[in-house]
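What follows is calculated from the coordinates using simple rules that are stated; it is not laboratory data. This structure is a prediction, so every number in the text was calculated from the model and none was measured. All Cβ positions, glycine included, derive from the backbone under ideal geometry; neighbour counts span all protein chains shown.
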Amino acid sequence: MGRPDKSKAKRRGIRRFFSWKKLLGTFFVFCLLAMGALYVVYLLVPVPTANAEATMQSNIYKYANGKILARTGQINREIVGLEKIPEKVQKAFVAAENKSFYRDNGVDIKGTTRAAWSTLTGQGKQGGSTITQQYVKNFYLSQDQTATRKLKEMVIAVKVDQETSKSEILAGYMNTSYYGRSAYGIQAAARAYYGVDATQLTTAQGAYLASLLQAPNQYDWTSASSTGRKLVEERWNYVLDNMVGEDWLPQAERAGMKFPVPQKPKPAPGMEGQTGYIVEAANQELMRQGVSEEDIKAGGWTITLNIDEKKQKDLVKAVDRQLEDKIDRKGDKKQATVQAGATSVDPKTGAVVAMYGGLGATEHWVSNATRRDYQPASTFKPIVLASALDHMAETQDGRTIGLGTIYDGTSQRKVVGTDIDFAPENEDDYSYGPVTVQKATNKSINSVFAQMIVDVGLGKTKQTALALGMKDGADFGETPAMSLGTMGASTLDMAGVYATLDNHGKKVTPTLVKAAVHKDRKVDPVDAIGSQVISREAADTVTQAMQGVVQNGSGFRAAGDYQAAGKTGTSENNRSAWFVGYTPELVTAVGLFGEDTKGNQVTLTNTINDGRANGGRTPAQIWGDYTTSALGGGSDATFDLETDSTGSYEPDPEPTGTTATPEEPTEEPTTESPGPTPPPTSTATTPPQPTRDPVTTPPEPTRDPVTTPPTQQPTVPPTTPPPTTDPTTAQPPNPDPDPEQTGNSETQRPGR
C-alpha cells in the first residue's frame with residue numbers, strides 16, 4: 001500500500017471550510033440581506049417635495065466697492081405639457097438618454113451601480129442614470145455625485161415610476177433639464193437656440209437639444225471649439241440613428257436631415273451694456289476654479305468683483321469718445337464692422353479693474369475682451385526681446401543681444417540660422433538698414449525681430465511667452481513668423497503678459513473675481529501674483545525699450561502726463577489693431593477687430609479712417625484717453641528699473657519741443673540693401689532712463705508695421721550676420737515714411 005497523499009488531505013481540509021456549496025449559500029444569504037436592506041430603505045425613503053432649484057435664488061455681482069452691478073440667476077423656464085412637444089422630438093430625448101425608458105421600471109441597476117462604484121472608488125464621476133432617475137435628480141434632489149444621493153435617487157425613481165405615468169416623467173425631465181444659455185426646460189431652450197416655441201421644433205432641432213444635455217456649455221455650437229462641434233454633431237447623429245433603430249424615425253427621412261445650426265445666443269434681460277460681458281467672464285473664471293456651470297446657474301452666490309466702478313466708466317467713455325462718437329454704425333456698413341475690446345489690470349495685485357467687451361452684451365454677445373480668435377501682431381515683439389534678454393542670447397556672429405545691438409533692418413531680408421524660408425516685409429516695404437534694437441522696437445521693424453527670434457531660439461521664445469501668460473494653442477507654431485504675433489490672443493491675455501513685465505518679471509494672472517460666497521461654501525480667490533518667471537533685468541529692460549515706443553515711436557499718441565511703456569500692433573490684412581501699454585500703476589490692452597454681421601473676420605482698412613487702421617491711431621488714442629482719466633489726469637509715478645547693461649545703448653536724439661515727434665520723410669522709401677558700415681564704437685554701458693514731457697501739441701502720425709509674413713519672395717539676397725555701425729550716428733539711407741503722406745492702402749501691398 002502506498003502512503004496517503006498529504007496534499008490531497010490538505011485540500012480536503014481546506015474544502016471543509018470553502019466548499020462551493022458553502023460559498024453559494026453564503027452568496028444567497030448576502031443577496032437576501034441586501035434585498036432586505038434595500039426594501040427597508042425603500043420603505044424609509046419618501047418621495048420628497050421639490051428641491052430648492054425649483055425656487056432658485058439670484059446671484060448677486062458687486063463692484064469692488066460693494067455696489068451691486070447685477071442680479072442674475074432667475075430661472076428662465078416655462079413649463080409646457082408633453083402634448084405641445086412634437087412626438088418625434090420626445091422620442092429624440094428618449095433615444096439620446098434612455099432607449100429602454102418605456103420598458104424599464106425607472107432604474108438601470110447595472111449603469112447606476114457602475115456609476116456609484118466609480119464615484120466611491122475615486123475613478124471619476126460617470127453617468128448611467130435613466131430618464132426617470134435624472135428627472136428625480138433635477139426635481140427632488142441635488143446635483144451632488146455621492147453614493148448616498150445615488151441610492152436615494154434609485155429608490156425615489158422606482159417609487160415615482162410606480163406612481164407616475166411615463167408621459168409625466170418624460171415631460172418633467174424635459175422641463176427641468178438645463179440646456180445652457182440660461183435656459184431651463186424645452187420651451188426656453190427652443191427659444192434660446194432656434195427662436196421658436198417648443199411646438200414648432202423640427203426633429204433635427206429636437207435631436208440637437210437632446211444632444212446638448214450631455215454637456216450644455218461644451219456643445220453650444222456658437223461658442224464650442226472645433227472639438228466640441230465635432231462631438232455634438234457625432235452625438236446628434238447617434239440620437240437620430242437610435243431613433244431609426246427603434247422604428248421611431250423612417251430611414252428615408254433620416255437620410256435627408258442636415259445638422260440644424262442654432263442661432264447666436266441672446267442674453268437674458270438685465271445684461272445690457274458691459275454688464276453681460278463682465279458677468280460671463282466672472283462665471284468663466286469661477287468655472288476654471290472648479291465651480292460647475294449648473295452650480296452657478298442654481299444661484300445663491302454673492303460674487304464681489306475687482307472691477308473699479310470709476311475706472312470702468314472711464315474706459316467706456318474713452319471708447320465712446322475715440323471710436324463710437326466718430327463712426328456711423330447705422331449708416332455706414334464698413335464702419336459697423338469695427339469692434340473694440342479692452343482689459344485693464346493693476347500690475348501690483350493682478351486685479352482686473354475695467355473691461356470693455358463691445359457695444360453691449362445684448363447687441364454683440366461675443367466679448368471682445370476675452371475672445372482669442374484674432375492675432376496680437378507686433379504686441380508680441382516685446383516677448384521676443386524679453387526672451388533674448390532673459391536667456392542672454394547672441395546674434396549669429398556672437399554678439400550679446402541688448403538694446404544697443406545692431407541688426408539689419410532691410411525689408412524682405414531673409415532670416416539666417418534656420419531651415420525655414422522666411423523673409424518678412426517691413427511696413428510699406430521700407431528698408432531701415434543697420435539699426436539698434438531700441439530703434440527696431442520704436443519702429444516695430446519686422447525683419448529685425450524675425451531674425452532675433454531665430455537667434456534666441458523658437459522653443460525658448462515660446463517658453464517665455466507661456467511663462468509670461470500667453471495661452472498655448474494649435475496656432476502657436478514654432479516658426480520665425482511667431483515673432484510677428486501670428487497666434488491668437490485676447491486683450492485679457494496681453495494685459496496679463498504686459499502686467500508681468502510691469503511687475504519686474506513676477507507673474508501676474510489677471511483676476512476678475514475678488515470673492516465668491518455661497519450660503520454653505522466659498523471660493524478662494526486666485527493667487528494673482530506668482531513667482532519670478534523672467535529676470536527683473538530682462539523685464540525692466542523691455543520696459544525701457546517700450547518707453548521709446550511711446551516717446552519716439554509708433555505709439556506716440558498714447559503719451560500723456562505720466563511715464564508709459566507700450567507697443568502697437570497691426571495684424572494680417574489689417575483685421576486687428578492693438579495698443580498694449582502700461583504705467584507704473586496701470587496696464588491696459590486695447591484691440592480693434594474687424595468682424596462682419598456673420599461673425600467673419602474682415603479688414604479694418606478704410607473704416608475708422610482712410611487707409612489702414614493701425615494700432616498707433618485709435619487703439620493708442622483710446623488707451624491714452626482712458627489712462628489719463630483713470631490716473632486722475634496724470635501721475636508722478638516713475639518706473640523703478642534695474643536694466644540689463646548687456647549690449648551698449650545710447651538713445652536716438654530727442655527732437656526739440658514738447659513732444660517726441662517722429663522723423664519727417666524727405667524722400668521716397670527704398671528697398672535697396674545698405675552697404676557695409678564700420679563696427680560699432682559706442683562705449684556706453686548703462687542704458688539711461690528716458691525722460692518724459694507732457695504732450696502739448698498734436699504730433700504728426702506714424703504708422704506701425706503690420707506683423708504677418710509677406711507672400712512675396714525677398715527682393716534682396718540673403719545676408720550673413722547683420723552689418724554693424726555706430727548707433728549714435730548711423731541712419732538708414734532714407735528717413736521713416738509718414739503714413740499720412742504715403743497714403744498706402746492695404747490693396748497696394750502684399751497680404752500679411
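Annotations for the structure displayed:
- Rounded FRET efficiency, nearest 0.05, which uses the C-beta distance separating Val244 from Thr509 and R0 of 41 Å: 0.25
- Karplus-derived HN-Hα couplings along segment 379-384 (A = 6.51, B = -1.76, C = 1.60, θ = phi - 60°), whole Hz, x at Gly and Pro: 5, 7, 4, x, 5, 4
- If the segment from Glu87 to Lys460 were pulled out straight at 0.36 nm per residue, it would be longer than the present Cα-Cα gap by 128.4 nm.
- The Stokes-Einstein estimate for segment 421-515, based on a Kirkwood radius over Cα pairs and taken at 25 °C with 0.890 mPa s viscosity, is a diffusion coefficient of 165 µm²/s.
- Summed side-chain charge close to Gln339 - residues other than Gln339 whose Cβ falls under 12 Å, Lys, Arg +1, Asp, Glu -1: -2
- In terms of packing, defined here as the mean over residues of other Cβ atoms within 10 angstrom, the peptides 552-558, 306-312 line up highest first as 552-558, 306-312.
- With all projection directions averaged, the alpha carbon convex hull of segment 530-630 covers 8.1 nm².
- Phe422 long-range amide H proximity, modeled H, under 5 Å: Val415
- Rough spin-label spacing in nm, given labels placed 7 Å along Cα→Cβ, for Thr479 and Glu163: 6.5 nm
- Over all other residues within a Cβ to Cβ distance under 10 Å of Ser531, the charged ones net out to +2, with Lys and Arg as +1 and Asp and Glu as -1.
- With R₀ set to 25 Å, the beta-carbon distance separating Thr202 from Lys266 gives a calculated FRET efficiency near 0.80.
- If a spin label sat at a point 7 angstrom from the Cα of Met257 along the line to its beta carbon, the backbone N atoms of segment 66-85 nearer than 18 Å would be those of 85.
- Relative protection proxy for 395-407, 591-603, 535-547, from highest mean packing down: 535-547, 395-407, 591-603 (other beta-carbon atoms within 10 angstrom).
- In this rough spin-label picture, where each label sits 7 Å from Cα along the Cβ direction, the Ser223-Asn65 distance is 2.9 nm.
- Using θ = phi - 60° and Karplus 6.51 cos²θ - 1.76 cosθ + 1.60, couplings along segment 455-462 (whole Hz; Gly, Pro as x): 4, 6, x, 4, x, 5, 5, 5
- Using a simple spin-label model with pseudo-atoms 7 Å out from Cα toward Cβ, Lys230 and Gln214 lie 1.4 nm apart.
- Mean Cβ neighbour count within 10 Å, used as a protection proxy, ranking 90-99, 341-350 highest first: 341-350, 90-99
- Out-of-range pairs (alpha-carbon distance over 31 Å; input Lys62/Lys506; Lys88/Lys264; Lys266/Lys381; Lys348/Lys522; Lys91/Lys264): Lys266/Lys381
- Between the amide H of Ser431 and those of Ser411, Thr670, distances stay under 5 Å, these residues lying 5 or more places away or on another chain, with hydrogens modeled in the peptide plane.
- Segment 360-487, Rg to Rh (Cα coordinates; Rh as Kirkwood inverse mean 1/r): 1.02
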